[in-house]
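The values are calculated or read from the model by the stated rules, or taken from the named source; none is laboratory data. The structure displayed is predicted, hence computed values, not measured ones. Note that each Cβ is placed from the backbone with ideal geometry, even for glycine, and that neighbours are counted across all protein chains shown.
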Amino acid sequence: MRAAVTRAKPRRVVHHRTAIGQLQREATRALIIKSAIPVFAEHGPDIPVVDDFVKAAGVSRGTFYNYFPTTRDLLEAAMSTLSDEVIAAIVPAVADMSDPLMRLATAARIYYRKATMDPLFGAFLESVSGVGTLAVERARGDLQEAMDAGLLGVKDIELAQAVAFGVMVFALKAPAARSGGDARGVEVVRAILRGLGVAKPRIERALSAPLPLEETPDVEKL
């Protein structure tokens, strides 16, 4: 009996033109997002229409719709591009902290610093009144861990999120946000922890970690 011969399937080769096309599509999508950020920052999430973004990016309406079915989809992509990249840079600064309150407080202080020092990032957050998907996910994890450990007076995770993000969003809208520096960031995060019902000694402990000297990435270069 002859042994069966197993033949390896031929490897699928990506055509050179296909690869170039993919790069061009990625570049066009990035251009639309980058051009949209100042539009959202100036006018907010609801006033701009497709023609505003088409004009800012220098593309056709058809090209716009190839990437974003609605302006809301574009807004979500812009938020992801800005906030999620900042959060990804913050994560290593808190990765070694075992205390969920310290992780939450330190990350929030760095985020606040970035939002008040980077004009475009700050204007965008102020205009859209959001913090980004990754920020919500990371903070929710820390809040849930702190809640499970009995460190919070608030016992409902949705309410805890509302307190944390509500204080942060409105604090960034305040006129004093740009002039208070890290000291104001501490007060903002202290207010969040108080609102969450954290005991005073634990609040001060959570705020005791020094912030990294390095700045988070300049969103204008993303």
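Miscellaneous remarks
- The stretch 42-55, residues that are hydrophobic (A, V, I, L, M, F, W, C), surrounded by 14 or more Cβ atoms within 10 Å (Cβ to Cβ) and over 23 Å from the mean Cα position of the chain (by Cα): Val50, Val54
- The stretch 98-118 residues that are farther than 15 Å from Arg205 by Cβ and touching a residue at least 12 places away in the same chain (Cβ under 8 Å), paired with ones that are of a type in the set (Asp, Glu) and in a helix (DSSP H, G or I) (beta carbon under 8 Å, 6 or more apart): Ala107/Asp142; Arg113/Asp182; Asp118/Glu220
- Subset tally (residues that are closer than 17 Å to Arg25 by Cα, among the small types (Gly, Ala, Ser) and modelled with pLDDT of 95 or more) for the stretch 36-56: 0
- From Val54, Val39, Val86, Val91, residue being touching an Asp or Glu at 6+ places or on another chain (Cβ under 7 Å) and either hydroxyl-bearing (Ser, Thr, Tyr) or outside any loop (DSSP other than H, G, I, E, B) (or both): Val39
- The stretch 121-222 holds helices (runs of 4 or more DSSP H) entirely within its bounds, and those carrying 1 or more residues that are closer than 16 Å to Ala105 by Cα and basic (Lys, Arg) map to 133-148, 181-195, 200-206.
- Lys200 more than 28 Å from Phe40 (Cα to Cα), among the charged types (D, E, K, R) and surrounded by fewer than 17 Cβ atoms within 10 Å (Cβ to Cβ): yes
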